[in-house]
1. Residue by residue through the range 216-230, which ³J(HN,Hα) values in whole Hz follow from phi under the Karplus form 6.51 cos²θ - 1.76 cosθ + 1.60 (θ = phi - 60°), with glycine and proline marked x?
2. In nm², what is the average projected area of the convex hull enclosing the Cα atoms of the range 4-163?
3. Quick check for the chain: number of Lys pairs with alpha-carbon distance under 23 Å, counting only pairs 8 or more apart or on different chains?
4. Quick one: which residues, 5 or more positions from VAL114 or on another chain, have an amide H under 5 Å from its amide H? H modelled 1.01 Å from N in the peptide plane, none for Pro or chain starts.
5. Which loop-located trypsin sites (Lys or Arg not before Pro) does the range 44-95 contain, where loop means any DSSP state but H, G, I, E or B and the Cβ has at most 16 other Cβ atoms within 10 Å?
Amino acid sequence: MPGPDPERIHSMFSQIARRYDRANTVLSAGIHHRWRRSAVKLSGAKPGDRILDCATGTGDLAIAFKRIVGPQGEVAGIDFVEDMIVFARQKSRDVRFEVGDVTALPFESNTFDVASISFGIRNVGDPRKGIAEMTRVVKPGGRVIVLEFGRPRQRAFAAAYDLYRTRMLPAIGGLITGQKRAYEYLDQSSVAFPHGDAFASLMRESALFASVEFRPLTFGIAYLYRGVKK
Ligand SMILES: C[S@@+](CC[C@H](N)C(=O)[O-])C[C@H]1O[C@@H](n2cnc3c(N)ncnc32)[C@H](O)[C@@H]1O
């Protein structure tokens, strides 16, 4: 499954970095914070753990993990767009935010309890490589957590959501960030990317996990996946 062109993705996220948080909050009516809490809970992270959040953007998921692992724990957040990392650093000094690529992680193998990625995997040029790298750096028994958009299954809700994502989302995202095309891409990439069983199969095919499970969030607008490393 080929992913998007990394150069195009890099330049798109550099351009929207400054307004990214505001757009997220308006477009999801704040629900993305609840989804992140579900991701942290499913990961089983506990005080003292070591966590890596990949494609961290402005760092919201990494910061949510830091609240759980506490002062004894350690959270690193990496993203290949420096502008995103600049804003992440302004939000928390307790997380170590660094520029880095999820397909070539600058960390030793078997060293993290959890590696996570939220709304990032569909933007990675080679998503399989990204998952393989995240799995490499977690310890055996460690968890790889993926939060990504899906498609609602319930028909009436799906119709309303389709209208929202095809019309309102690019219009509002464009107004807030000045980059309407980025939000058209967000919609198109979400529809094209596998979700539910299809994405879980991609994780299972890697043969890196002892188990892979998933669950829909908010009627399937988003999905949460957990792979436990062999
Ligand atoms: C939609 S944002 C998600 C940011 C954040 N995780 C969140 O939940 O708000 C996608 C992020 O993926 C990053 N990204 C895309 N490909 C990447 C790669 N190969 N390595 C690291 N980051 C990448 C982009 O720079 C962007 O910040």
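Taken together, the values in this text are just the output of simple stated rules run on the coordinates, not laboratory data. Just so you know, these numbers come straight off a predicted model, no measurement behind them. When we count neighbours, we look across all protein chains shown, and the Cβ atoms used for this are built from the backbone with ideal geometry, even at glycine.
1. For the range 216-230, the Karplus-derived couplings read x, 10, 6, 6, x, 4, 10, 10, 10, 10, 9, x, 9, 5, 4 Hz, x marking Gly and Pro.
2. Values: hull surface 38.6 nm².
Mean shadow area of the hull around the Cα atoms is 9.6 nm².
3. Counting lysine pairs in the chain gives 18.
4. Distant-sequence amide H within range of VAL114: ARG50, LEU52, ARG143.
5. Values: sites: ARG50, LYS66, ARG67, ARG89, LYS91, ARG93; in loops: ARG93.
When the trypsin sites (Lys or Arg not before Pro) of the range 44-95 are filtered for loop state and at most 16 Cβ neighbours within 10 Å, ARG93 remain.
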